[in-house]
1. Looking at 211, 139, which is the one that is surrounded by fewer than 17 Cβ atoms within 10 Å (Cβ to Cβ) and over 21 Å from residue 93 (Cβ atoms)?
2. Within the range 177-187, work out how many residues are surrounded by 16 or more Cβ atoms within 10 Å (Cβ to Cβ) and outside any strand (DSSP E or B).
3. Filter the range 358-385 for residues that are over 18 Å from residue 88 (Cα atoms) and of a type in the set (A, V, I, L, M, F, W, C) and give the result.
4. Restricting the first residue to the range 293-317 and requiring it to be within 14 Å of residue 283 (Cα to Cα), which pairs with a second residue that is surrounded by fewer than 13 Cβ atoms within 10 Å (Cβ to Cβ) meet a Cβ separation below 6 Å and a spacing of at least six or different chains?
5. If I filter the range 124-180 down to residues being farther than 21 Å from residue 106 by Cα and among the hydrophobic types (A, V, I, L, M, F, W, C), which single residue comes out as farthest from the chain's Cα centre (by Cα)?
6. For residues in the range 363-384 being part of a loop (DSSP other than H, G, I, E, B) and among the charged types (D, E, K, R), which is surrounded by the most Cβ atoms within 10 Å (Cβ to Cβ)?
7. Which one is farthest from the chain's Cα centre (by Cα), of the residues in the range 31-45 that are hydrophobic (A, V, I, L, M, F, W, C) and surrounded by fewer than 16 Cβ atoms within 10 Å (Cβ to Cβ)?
Amino acid sequence: MDFRFDATTEKLRDSLLAFMDEKIYPAEPVFAEQLAALSNRWAWTQTPILAELRAEARARGLWNLFLPGEHGAGLTNLRYAPLAEITGRSVALAPAALNCAAPDTGNMEVLAMFGTDEQRKTWLQPLLDGEIRSAFAMTEPDVASSDATNISTRIERDGDSYVINGRKWWITGAMNPDVRIFIVMGKTDPGEQRHRQQSMILVPRETSGLTVRRGMEVFGYDDHEHGGHAELEFTDVRVPAANLIGAEGDGFAIAQARLGPGRIHHCMRAIGIAEQAVELMCRRALDRTAFGKPLAEQGVIRTWIAEARVRIEQLRLLVLKTAWLMDTAGNKGAHTEIQAIKIATPEAVEWILDKAIQVHGAGGLSQDFPLAAQFSGIRTLRFADGPDEVHKNSLARAELKRYAPRSAN
């Protein structure tokens, strides 16, 4: 394994670092002001500054970096990893400016891998061009969605259409009026084999029977800068049969294909969040005095800083190894490592943010620093794309299988 940056990565990294310094960081307070001035607080993609940043990013070739193959920038996961980490330092603005923000990234991957030519023309191309946004509707309030086979939303064939009935919640971006298309996961055949009951289907926002019931908050944060999270209701929602993604029963497999890259992208950006937290923690420790000496000279705080650095370096190596395996062995070949980073990264970054908040005192809990909001987001990541416990159980089961006695032939 060789994790040195190749020439392509170096060039893009230099360009992205310059873009962050010249455009993104200066734009953060402007973005906040423009968001506050919007009559519709959820219409965040309509802020003038974000539109300017997206145009500039595209002009600099910093566009769709997440997506390999002909539809995107053609980067490998290993090449994209350090770039995604950089965007994590301005997680509310930089990924969106580069058209590399979830859930659009996962939805574009689904359409690129499994969509028909017509679905790609109608929905993928506008997403690639940044003209619209999208949402992914899988989680439900009435079942334990940690087990995706529990999903109860029905997708039933009726002639040349499918009719959808059910409820979804925590649908990221759904409050944003620029979200024009939803990828909805539901059951087409409850009598089929357990992992062949689910399907995915495209539902345009204006379809009759689709209702956004409410916005939802995370620890009191409405996340409107990300387009918010929402509870949706589908009541006799009718869409053409051609809107089905893949075939009936493919939904679970498509979800797994979607979640692999999504998990590593979250972890890449989370390392950038952790790096920013350590920087803020060090600057605060050097700046503040307590009990007659700088916080930086307090032994416990030095211990936190040292442990934070060790954890970041461990995480980065594990994420890079996972990216390399995904590139060389495929997502299935990297399954164990994908689970490992999904377990390790949120826990470690949550710990680092907690210590950074502690060093900042009451200020760390306030809106004057990004730490409290970032803590909320990272804590959410311990549920998103599968809760810790599911990944740990699966990883342990695979580990135990290696040592289980083999039956005689």
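1. Among 211, 139, only 211 is surrounded by fewer than 17 Cβ atoms within 10 Å (Cβ to Cβ) and over 21 Å from residue 93 (Cβ atoms).
2. 1
3. Hits for the range 358-385 are 359, 362, 365, 383.
4. Correct list of pairs: 296/286.
5. Only one residue tops the list, namely 163.
6. Checked the range 363-384; the qualifying residue surrounded by the most Cβ atoms within 10 Å (Cβ to Cβ) is 382.
7. 37
Conditions tested, residue by residue: (1) assigned to a loop (DSSP other than H, G, I, E, B); (2) over 22 Å from residue 370 (Cβ atoms).
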position: 2; (1), (2): yes, yes
position: 45; (1), (2): no, no
position: 58; (1), (2): no, yes
position: 100; (1), (2): yes, no
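The values are calculated or read from the model by the stated rules, or taken from the named source; none is laboratory data. These numbers come from a predicted model, not from an experiment. Virtual Cβ from ideal backbone geometry, glycine too; neighbours counted across all protein chains shown.
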